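Have a look at the structure below, then the notes.
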């Protein structure tokens, strides 16, 4: 009896056929390889850099902290705490204090002062690990004495000073002994407000800069003799002594930084994934076009007994090969991306890691590349099932599909639909793995799928509208324009997919750009003529009157000056619950131990009462709380809060919740009390005033001459610093978003390459009909220009919509930027023309007869 | 008038040089209908391509109305082709993205001045496609596509029309129809028609038959003389 068993096509044979086909269409598959490589390169670069960076953090952990353990707080230790810390020394624990604050500094001969970041250290002990690199080369102990400072080169540039010059800080002169080349624990300080100036504790005490209530950060660095006491035990002991301190030990390698790095890596990986998905769509498109061109060969194979599964083996192997080789090319390119990263991040990067190619991110990117490619190629691959052997005899056999209803066609393609579900699920899984969050993965997959569907639909609609327009007007158009536009609808062109892919890239890059510009514009918009642009901090009560009269002499009346008194305190209880037992949202408990209190008997400028009422008498036991703090501490009008300031307990009832706008002196206040409750406490004053830009240097000079310990912050300087950070982050995101544009361009190139034979034929027919090279070039250029223009328009539309939504969520005003939208659209058109012609290499030089003979 | 002097064409096939045409001399007067016949590989299509300036000869010359086209640079050659030659291919070679009407209009737009729309419409009407002139090639049958190609070949009223097996892809009814249209049009306009064909019945309608074998003319006779 005959058996139904039929052996499958051996994998070896399938591989041989797959390989020969690939070799026969090398030029076409080159773009496919690049499609995969782009996404893998971006991902390898981002994740490789992140891991290299993390490794650097780990290996240099002690140096980066300059100690084994760091305890950071916003006040000085009490005598009792000092005593307890001293007691730790018996266990082999050494300790040094680092103080960071801001101040004004100037050099002789140029009295306009500059805001600087002061760092007060004890050179005998600091740093416990790592080393200070100075120029001229030397030891910190030798360079830093009580009469010298070491400074950032940036300070020298801005003050036009040199090593050896005298620097005036807080009324005293210090000689600049050296320039800081490297400071081991620089990143513990974050982004400074001004260039670094390092000096000794004795020196700073003489300046009078540090006083009770000054805005300074204290950091205790501990060096632990682990033979006597473990890091964990020491940490526990310090946590007990300084409950309000933020404690980090070297094993955590800077948790804030690593958390930030993890989040940034996740976010940037997802941007890379967009490029990868676009690349995979490109591969799928190329595979579909490839299979369509091979329908006759597939039909021949089927007519001699091959089953769909046998044919699938060939093309699955081909896809896997393309994914893998493209991925490997991507890994090599990824190394370049990894190298580019430190350059892009510039000064945001606290350390320069050694760039290596770690195996884990390489495998992750390669795996993601192959998986994405295979997933997206499933629907076109499954199409081989629909090729009928009769196509050997009749080419038009498949055209009967057009008469069937869409429901029937859908039913026929249920496997493809299943594949699409698999793609979305796979995408979600990959996104979840890259971002380390199931939730992010799910939303990313849903959002990206929805976006691609909408953008694809919009692209298709745009093309249809253009076609309708063309049908009505075509005979009135110049013939080259008409021909070029008509070519958008060339069979096999896949114009809507190209539009969608290129459009998505444009959307990404333009959204980032629009958001950056809006945020920067918003930053500057805050500095309107009526809001203060100069802030003064650390004014002692004794200096306050003097400062006011000095400003009055400068023509700045007291009605313009906003002042805020600041008293340090802590929260003892809320609604009867002790601070230790409170459950608070997104509010580090240790901060309850260090709060700033202020007073105002009327609603201050720039403050709006959102709930409740402000008090009438300065002696009422009431409180107004900033809305952001109220939300986190769960405070409502009527809540009872007990503060402790100095030794005094201050019980108050919440009377008002307020919103403060960022432009006034009270913007940073959190708790406002009636004056009667705080006036007897040690107070530091802050001031804010609007000064015309021309007046600023004179005012700074006059103030610095008389009150050198009062720090003046010029908002426009701060804005420049913030803008610098925003710009730098934008560059990184745009760099990665650029990969999506590249993917879009490669898809265009691939589409052009896959229609190469049709284009060649068109060229020779046109030549036969008497068309010159210029004419043919014009026709193709018009096709590419319009493709680019349409993609640019689709991308720009979505970029504006997306950034509008995101900016709205960030409370930033969105404004339609016509100029940059137009530049983006034109830029896309130029990119499309360049890409189109690169992919049309040697098209115009075809000899007609050779092509026509190949019929 | 077409004049061919000592025309040779060889191509390299790997390490081998293949001689396709081995020295052809011809003189085709204005208005003559010439059928070029021969077995597959005899050099018919190559000769036709060289007459149209689609390729350059290895040796020899092609003169159209006394102008040697072999040495012309590409754009000048395109201009000569556009003004002097209409071409009909075996597989139609219409531009798929343009309608039938636009395909016919295209040579006029490329080579002639003035509005060719009326002429294009009239030609389409002559070939019986008045109702289908705004259809795309893909919406037309093979016979209809070849009729569009015919109209396209005549739109600039070229003195010469070259046809490479124009009925080769058509069934006999459509083939007959296309042939009649082509010869009628040729007679009416006094165009020189050079047609490559395998079909002796078609060749029988020509004024002159040229037989090629292995790249050489082996017979060149006027049909009337034979009869």
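Taken together, the values in this text are just the output of simple stated rules run on the coordinates, not laboratory data. Note that the structure is a prediction, hence the values are computed from the model and not measured. Reconstructed Cβ throughout: ideal geometry from the backbone, glycine too, with neighbour counts over all protein chains shown.
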Task: Whole-angstrom gap from the stretch A:98-137 to the stretch B:131-151, using each part's C-alpha centre - done: 85 Å
- [ ] Name the most mobile residue of B:104, B:127, B:34, meaning the one with the largest mean-square fluctuation, in a Gaussian network model of chain B with Cα contacts below 10 Å.
- [x] B:127
Open item on the list: Tell me whether the stretch A:561-689 comes out rounded, prolate or oblate; compute the Cα gyration tensor, take square roots of the eigenvalues as a ≥ b ≥ c, and use a/c under 1.5 as the rounded threshold.
Closed with: rounded
TODO: Note the full-extension length gain between residue A:386 and residue A:438 as 0.36 nm times their separation in residues minus their Cα-Cα distance, in nm to one decimal.
DONE: 15.0 nm
Task: Prolate/oblate/rounded call for the protein assembly as shown, Cα gyration tensor, a/c under 1.5 rounded - done: prolate
Open item on the list: With an 8 Å Cα cut-off and a minimum separation of 6 or more residues, compute the relative contact order for the stretch A:1-135 in percent.
Closed with: 21 percent
Task: Efficiency of FRET between residue A:721 and residue A:90 - r from beta-carbon atoms, R0 41 angstrom, step 0.05 - done: 0.40
Task: Additional length obtainable on full extension of the chain from residue B:131 to residue B:25, 0.36 nm per residue less Cα span - done: 33.7 nm
Task: Alpha-carbon Debye profile of the stretch A:408-534, log10 I(q)/I(0) at 0.13, 0.15, 0.20 Å⁻¹ - done: -0.83, -0.95, -1.18
Open item on the list: Contact order normalised by length for the stretch A:64-257, with contacts defined as Cα pairs under 8 Å and 6 or more residues apart; what percent is it?
Closed with: 38 percent
Task: Rg/Rh ratio calculated on Cα atoms of the stretch A:711-804 (Kirkwood radius) - done: 1.28
Task: FRET efficiency for residue A:230 and residue A:627, using Cβ-Cβ distance with R0 set to 45 Å, rounded to 0.05 - done: 0.55
Task: Number of partner chain Cβ atoms within 10 Å, mean per residue of A:488-494 - done: 2
Task: For residues of A:770-783, the mean tally of beta carbons on other chains within 10 Å - done: 4
- [ ] Let me have the 222 nm mean residue ellipticity of chain A computed from DSSP H runs of 4+ only, each contributing -39500 (n - 2.57), with the sum over all residues rounded to the nearest 500.
- [x] -18000 deg cm²/dmol
Open item on the list: Restricting to bridges with both residues inside the protein assembly as shown, how much of the DSSP beta-bridge set is antiparallel, in percent to the nearest 5?
Closed with: 75 percent
- [ ] Between residue A:619 and residue A:847, with labels modelled 7 Å along Cα→Cβ, what's the label distance in nm to one decimal, could you check?
- [x] 11.0 nm
Open item on the list: Report the Cα-based extents of the stretch A:58-178 along its three principal axes, largest first, to the nearest Å.
Closed with: 51, 33, 25
Task: Inter-chain Cβ neighbour average for residues B:99-110, partner chain, 10 Å - done: 4
Task: Most to least packed among A:496-504, A:441-449, A:827-835 [average Cβ atoms within 10 Å] - done: A:496-504, A:827-835, A:441-449
Task: Computed helical MRE - 222 nm, chain B, DSSP H runs ≥ 4 contributing -39500 (n - 2.57), nearest 500 - done: -10500 deg cm²/dmol
Task: the stretch A:792-855 and the stretch A:480-497: distance between their alpha carbon centers, rounded to Å - done: 15 Å
Task: Gap separating the Cα centres of the stretch B:203-223 and the stretch A:1-67, nearest whole Å - done: 62 Å
Open item on the list: Show me the ranking of peptides A:675-687, A:315-327 by mean Cβ neighbours inside 10 Å, starting with the highest.
Closed with: A:315-327, A:675-687
Open item on the list: Sort A:673, A:22 by Cβ crowding within 10 Å, fewest neighbours at the top.
Closed with: A:22, A:673
Open item on the list: Contact order normalised by length for chain B, with contacts defined as Cα pairs under 8 Å and 6 or more residues apart; what percent is it?
Closed with: 29 percent
Task: Two-site label geometry, residue A:822 and residue A:468: point separation in nm, points 7 Å out along Cα→Cβ - done: 2.8 nm
Task: residue B:171 versus residue A:292: modelled label distance in nm, points set 7 Å from Cα along the beta carbon direction - done: 2.8 nm
Open item on the list: Given R₀ = 35 Å, what would the calculated FRET efficiency be for residue A:78 paired with residue A:162, taking r from the Cβ atoms and rounding to 0.05?
Closed with: 0.25
